[in-house]
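Only one structure is covered here, and it is reproduced in the block below.
The values are calculated or read from the model by the stated rules, or taken from the named source; none is laboratory data. Source: prediction; values computed, not measured. Here the Cβ positions follow ideal geometry from the backbone for every residue, glycine too, while neighbour counts run over all protein chains shown. Protein only, heavy atoms only, side chains kept; ligands, DNA and RNA dropped before computing areas. Shrake-Rupley method; radii C 1.70, N 1.55, O 1.52, S 1.80 Å.
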Amino acid sequence: MAIVIKTPEQIEGIRKSSALAAKTLKHLEQFIKPGVKTIELDQIAEDFIKENHATPATKGYRGYKHATCISPNDVVCHGVPNNTVLQHGDIVNIDVTTILDGYFGDTCRMYQVGEISEYAEKLVQTTKECLRIGMEQCYPENHLNNIGYHIAEHAHKHRYSVVYEFCGHGVGLKFHEDPEVSHIAEKNTGPILKPGMVFTIEPMINGGKARCKVDRKDGWTARTIDGRLSAQFEHTILITDTGYEALTDIYGDF
Ligand code: MF3
Ligand code: CO
Ligand code: CO
């Protein structure tokens, strides 16, 4: 499958949907407190998306039933919202993908519940840096895999590991399009970036081993095999004539 170059009209649609996804994550901030259940946060996100005339892309996607993925602590990604109660000291990722006028925007970020340990804070900070370092590789004529090469280099420098079982992806007209964006890759390989490409960068960085295991009961929630912490940030990125525009980065806070 080929990488679709988006038209200016499509880009405008993806920009609006991406902005709404970002606003949803911002809206959730005020509700992240010790005692809140992840299923309650999911409902708040769903209500907000619907109030804004959009739908959550995850609901009904391959049998997934929720508006968000909510991944605390050792959950790497695809955490199914449930009766889990967030505790003081937890770190938690919320991932939102909106469909607005048929266009998709995809973003996720970490939140802290009360005060967190220095160890957790450093993992979250480094993961945020990994996303930014990946974004710096986004310019026309660069190789796609230089994104993953530089992300992994930064993570390894801090003795963290990079999840290889889940990747970024083309996005915009569909939820998951080509290309696959690996967060650990070989330098100067992969497709050449061109203006009009839109894809996510969404590194998952683990405090311990890279490997994940999917919950056998819910079939989705992916945890680290060693129970150590994992962090993730995600932006939807447009390649422009001169570099990139992060379409979900409307606040500049990650
Ligand atoms: N939003 C996730 C991503 O960044 C995908 C979630 S798929 C789900 O690609 F079905 F688990 F929700
Ligand atoms: Co994504
Ligand atoms: Co996402």
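In debye, nearest 20, what is the charge dipole magnitude of region 151-254 about its Cα centre with +1 on Lys and Arg Cβ and -1 on Asp and Glu Cβ, if you could check?
On the way: 12 positive and 15 negative charges, 131 e Å.
So the magnitude is around 620 debye.
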*Starting from the Cα of T189, step 7 Å toward the Cβ, then list every residue of region 1-26 with an amide N under 20 Å from that point.*
1-3
*asked:* Ignoring ligands, DNA and RNA, please state the percent of accessible area on the chain from carbon and sulfur, probe 1.4 Å.
replied: 50 percent
*Name the residue, out of T189, T24, T107, whose mean-square fluctuation peaks in a Gaussian network model built on the chain with Cα pairs under 10 Å.*
T189
*What is the magnitude of the charge dipole of the chain about its Cα centre, with +1 placed on the Cβ of each Lys and Arg, -1 on the Cβ of each Asp and Glu, and no other charges, expressed in debye to the nearest 20?*
580 debye
*Taking amide H positions as placed 1.01 Å from N in the peptide plane, with prolines and chain starts having none, which residues 5 or more places from T221, or on another chain, fall under 5 Å of its amide H?*
V80, D215
_In Å², and per residue, what accessible area does the chain have when probed at 1.4 Å with the other protein chains present?_
44 Å²
_Three-way shape call for the chain based on the alpha-carbon gyration tensor, with the a/c threshold at 1.5_ = oblate
*Take Q87, project a point 7 Å from its Cα along the Cβ direction, then tell me which residues of region 110-148 have their backbone nitrogen under 18 Å from it.*
111-121
*asked:* Can you pull out the trypsin sites (Lys or Arg not before Pro) in region 80-166 whose DSSP state is coil and whose Cβ has at most 10 other Cβ atoms within 10 Å?
replied: R159
*Just name one of G114, V80, T242: the one whose Cα is farthest towards the positive end of the charge dipole of the chain (beta-carbon charges, Lys/Arg +1, Asp/Glu -1).*
V80
*asked:* Whole-Hz ³J(HN,Hα) for each residue in region 152-163, computed from phi via Karplus 6.51 cos²θ - 1.76 cosθ + 1.60 with θ = phi - 60°, x for glycine and proline: what do you get?
replied: 5, 4, 5, 4, 5, 4, 8, 6, 9, 10, 10, 5
*Karplus couplings for region 22-39 from phi (6.51 cos²θ - 1.76 cosθ + 1.60, θ = phi - 60°), rounded to Hz, Gly and Pro as x?*
5, 5, 5, 5, 5, 4, 5, 2, 5, 9, 7, 8, x, x, 7, 8, 5, 5
*How far apart, in nm, are two points set 7 Å out from the Cα along the Cα-to-Cβ line at H156 and at E180?*
2.0 nm
*Give the long-range amide H neighbours of M204: residues separated by 5 or more places, or on another chain, with amide H under 5 Å away, using H modelled in the peptide plane at 1.01 Å from N.*
V163
*asked:* Please give me, ordered by residue number, the GluC sites (Glu not before Pro) of region 134-179 that lie in loop per DSSP and have at most 12 other Cβ atoms within 10 Å.
replied: E141
*In what sequence, highest mean first, do 225-238, 34-47 appear when ranked by Cβ atoms within 10 angstrom?*
225-238, 34-47
_Can you give me the distance in nm between label points at H53 and E29, each placed 7 Å from the Cα along the Cα-to-Cβ direction?_
2.5 nm
*How many percent of DSSP beta bridges within the chain run antiparallel, rounded to 5?*
100 percent
